1. Are any of the residues in segment 112-121 under 17 Å from His134 (Cβ atoms) and either surrounded by 14 or more Cβ atoms within 10 Å (Cβ to Cβ) or in contact with a Cys (Cβ under 6 Å, 6 or more places away or on another chain) (or both)?
2. When the residues of segment 14-44 are narrowed to those that are assigned to a helix (DSSP H, G or I) and within 16 Å of ligand 2 (Cβ to nearest atom), which ends up most open to solvent (accessible area, probe 1.4 Å)?
3. Condition first: open to solvent by 40 Å² or more (accessible area, probe 1.4 Å), more than 15 Å from ligand 1 (Cβ to nearest atom) and part of a strand (DSSP E or B). Now tell me which residues in segment 67-97 satisfy that.
4. Would you check if there is a residue in segment 139-153 being more than 16 Å from ligand 2 (Cβ to nearest atom) and basic (Lys, Arg)?
5. Step by step: first the residues of segment 139-168, then only those that are among the acidic types (Asp, Glu) and in a helix (DSSP H, G or I), then the one that is most open to solvent (accessible area, probe 1.4 Å). Which residue is that?
6. What are the residues in segment 70-127 that are of a type in the set (A, V, I, L, M, F, W, C) and farther than 22 Å from Arg57 by Cβ, if any?
7. Which one of Ser109, Ser64 is open to solvent by less than 70 Å² (accessible area, probe 1.4 Å), farther than 22 Å from Val145 by Cα and in contact with a strand residue (DSSP E or B) (Cβ under 9 Å, 6 or more places away or on another chain)?
8. Could you tell me whether segment 20-27 includes any residue that is among the charged types (D, E, K, R) and out of contact with any Lys or Arg (no Cβ under 9 Å at 6 or more places or on another chain)?
Amino acid sequence: MAVLDILEFPDPRLRTRAEPVAAVTDATRALVDDLFETMYAAPGIGLAATQVNVHQRVLVIDVSQDRSEPLVFINPEVTVLNPELGEYDEGCLSVPGFYETVQRPRRISVTALDRNGDAFSRELDGLLAVCLQHEIDHLDGKLFVDYISPVKRQRIRKKLQKEQRRQA
Ligand code: QAP
Ligand code: CO
């Protein structure tokens, strides 16, 4: 297992559309383990493979207080159950230090493969529904800052680029 480097906005690799996983193998499970280790180390509540520069449709989430409810979603597909939108102040390990309010459907259902390659479905609401939609956006090359005003997005881009130059 390994803690992997996380790409940061505005890195163009975050705009890559991830490919479906053709078969869940030991290599997929090794990626899942690295995603959890990286997410827990951060610490974060969700991480998509895109954020560690692996462009496969794999993401992990744990929104529990005591970090005891690891969830794996491979090739996730979402259906909106109710068009009603909710608001949440979202952050992102790829946009460190910034939080903005984003609106998304409140109630969704998801179908995905688990770490054994078995299909499952569940209905989600609350933070889990927000987080899953945020992470699937990563697999499609999308970031939460795409939902905010261009002025705010540009301000965040400039601050992070300055920070990244300092670290380089
Ligand atoms: C996505 O984000 C999410 O800025 C997961 O300095 C977040 O785990 C979905 C983090 C909120 C819904 C609501 C962010 C850690 C972690 C930071 C995260 C930071 C350190 C973000
Ligand atoms: Co994110």
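The values are calculated or read from the model by the stated rules, or taken from the named source; none is laboratory data. Bear in mind the structure is a predicted one, so any value in this text is a computation, not a measurement. All Cβ positions, even for glycine, are placed from backbone atoms using ideal geometry, and neighbour counts span all protein chains on display. Please note that ligands, DNA and RNA were not included when accessible areas were found on the heavy atoms of the full protein model with its side chains. Shrake-Rupley method; radii C 1.70, N 1.55, O 1.52, S 1.80 Å.
1. To start, the set of residues in segment 112-121 that are under 17 Å from His134 (Cβ atoms) comprises 112.
Next, from what is left, pick out any that are either surrounded by 14 or more Cβ atoms within 10 Å (Cβ to Cβ) or in contact with a Cys (Cβ under 6 Å, 6 or more places away or on another chain) (or both): 112.
Yes - at least one qualifying residue is present in segment 112-121.
2. Taking segment 14-44 first, the residues assigned to a helix (DSSP H, G or I) are 14-15, 26-41.
Of the ones still in play, those that are also within 16 Å of ligand 2 (Cβ to nearest atom) are 14-15, 35-36, 38-41.
Working: Leu14: 0, Arg15: 102, Leu35: 0, Phe36: 22, Thr38: 3, Met39: 0, Tyr40: 72, Ala41: 62 Å².
Out of the qualifying residues, it is Arg15.
3. Residues satisfying the conditions are Glu77, Thr79, Val80, Leu81, Asn82, Pro83, Glu84.
4. Quick first cut of segment 139-153, residues more than 16 Å from ligand 2 (Cβ to nearest atom) only: 149-152.
Subsequent filtering for residues that are basic (Lys, Arg) retains 152.
The answer is yes; a qualifying residue exists.
5. We begin by selecting, within segment 139-168, every residue among the acidic types (Asp, Glu); these are 140, 146, 163.
Next cut, in a helix (DSSP H, G or I) only: 146, 163.
Details: Asp146: 52, Glu163: 69 Å².
That would be Glu163.
6. Start the filter on segment 70-127 by keeping residues that are of a type in the set (A, V, I, L, M, F, W, C), which leaves 71-74, 78, 80-81, 85, 92-93, 95, 98, 102, 108, 110, 112-113, 119-120, 124, 127.
Within segment 70-127, Leu85, Phe98 qualify.
7. Values: Ser64 fails: in contact with a strand residue (DSSP E or B) (Cβ under 9 Å, 6 or more places away or on another chain).
Selected residue: Ser109, the only one of Ser109, Ser64 that is open to solvent by less than 70 Å² (accessible area, probe 1.4 Å), farther than 22 Å from Val145 by Cα and in contact with a strand residue (DSSP E or B) (Cβ under 9 Å, 6 or more places away or on another chain).
8. Our first condition is that a residue be among the charged types (D, E, K, R); within segment 20-27, this holds for 26.
Applying the additional criterion that residues be out of contact with any Lys or Arg (no Cβ under 9 Å at 6 or more places or on another chain) yields 26.
Yes: one or more hits.
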